Amino acid sequence: MSEPRWLDATQQRDWRAYVDGSVRLTEVMDRDLKTRHGLSVSEYEILVRLSEAPERRLRMAELAANASQSRSRLSHTCSRLESKGLVRRDSCPSDKRGVIAVLTDEGFAALERAARDHVETVRNHFIDVIEPDDLEAIGRAFNAVLKKMTGGA
């Protein structure tokens, strides 16, 4: 068995800054969305993905992949959104086994309200505290990470 390629001190510092910062940023976004709009970050992300889809509809499998959630977790999250009247699930006309998630008009209105506050949270805790060149570097870096993890898709 070969020796692991350990991180040097600088790499370790940067890795930990990423882990700690991303966890805390997600906690702040989650707390703000729940307090102001009764939505979790996961619920908000599903509403966003559906709002961007043609006719505000996506197959559950595609939504799970787009929202970075397991199918099981997505199903539970969509159940919560359904109980709030923000999403509904329809059967897929082309595949009787398939299920389509649909953003309701109420869901779209809730997203529009939440998005106004959410963008301020993102700006205050991320965009506005990072130099433009660093922000661009973060974008390039995480596009490379996504490309590696998704096989170039």
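The values are calculated or read from the model by the stated rules, or taken from the named source; none is laboratory data. It should be emphasised that the depicted structure is a prediction, and the values quoted were computed from it without experimental measurement. Because the Cβ atoms are built from the backbone with ideal geometry, glycine has one as well, and the counts that use them run over all protein chains shown. For the accessible areas, the whole protein counts, side chains as well, though only heavy atoms, and no ligand, DNA or RNA atoms are used. Shrake-Rupley method; radii C 1.70, N 1.55, O 1.52, S 1.80 Å.
From the list (i) 43, 30, 28; (ii) 53, 41, 24; (iii) 68, 66, 36, can you say which value of Cα extents along the principal axes in Å was derived from the structure given?
Computed from the coordinates, Cα extents along the principal axes in Å corresponds to (ii).
Compute the Cα gyration tensor for segment 66-107, then decide on rounded, prolate or oblate, letting a ≥ b ≥ c be the square roots of its eigenvalues: rounded whenever a/c is under 1.5, prolate when a/b is larger than b/c in the other cases, and oblate in all that remain.
oblate
Kindly sort Thr26, Thr35 by accessible area of their heavy atoms, largest first, with the probe set to 1.4 Å.
If we order Thr26, Thr35 from most to least accessible, we get Thr35, Thr26.
What nm value, rounded to one decimal, do you get for the distance between Glu131 and Ser51 when each label is placed 7 Å out toward the C-beta?
Output for this residue pair reads 3.3 nm.
When Lys and Arg each count +1 and Asp and Glu each count -1, what net charge do the other residues less than 12 Å away from Glu27, Cβ to Cβ, add up to?
0
Working only with C-alpha atoms, what are the Rg and Dmax values of segment 9-62, expressed in angstrom?
Values for segment 9-62 (Cα only, Rg and Dmax): 15.7, 49 Å.
Using a probe radius of 1.4 Å on heavy atoms only, what accessible surface per residue do you get for the chain? Whole Å² is fine.
Dividing the accessible area of the chain by its residue count gives 70 Å².
Mind giving me the nanometre distance, one decimal, between the label points for Phe142 and Ala9, set 7 Å out from Cα along Cα→Cβ?
About 2.9 nm separates the two model spin labels.
Rounded if a/c is under 1.5, else prolate if a/b beats b/c, else oblate: with a ≥ b ≥ c from the C-alpha gyration tensor eigenvalues square-rooted, which is segment 79-153?
Details: a/c = 4.37, a/b = 1.46, b/c = 2.99.
Since a/c reaches 1.5 but b/c is at least a/b, the shape of segment 79-153 is classed as oblate.
Among Ser42, Ser51, Ser94, which one shows the biggest mean-square fluctuation in a GNM of the chain, springs joining Cα atoms closer than 10 Å?
Among Ser42, Ser51, Ser94, the largest GNM mean-square fluctuation belongs to Ser94.
For a quick check, take a GNM of the chain with Cα springs below 10 Å and name the residue from Glu62, Glu131, Glu120 with the largest mean-square fluctuation.
Comparing Glu62, Glu131, Glu120 in the GNM, the peak value goes to Glu131.
Suppose R0 equals 22 Å. What FRET efficiency, 1/(1 + (r/R0)^6) with r the Cβ-Cβ distance, do Glu62 and Val122 give to the nearest 0.05? Please report the intermediate quantities before stating the final value.
Values: r = 25 Å, r/R0 = 1.12.
Approximately 0.35, to the nearest 0.05.
Which order do Asp95, Asp134 take when ranked by solvent-accessible area (1.4 Å probe, heavy atoms of all protein chains), largest first? Mind dumping the intermediate values first?
Numbers: Asp95 40, Asp134 85 Å².
The most accessible residue leads, giving Asp134, Asp95.
Using a 1.4 Å probe on the protein heavy atoms, what percent of the accessible area of the chain belongs to carbon and sulfur?
52 percent
Can you return the aspartates and glutamates within cross-link range of Lys84? Criterion is Cα-Cα under 18 Å, with same-chain partners fewer than 8 residues away left out.
Cα-Cα hits under 18 Å: Asp30, Glu43, Glu45, Asp105, Glu106, Glu112.
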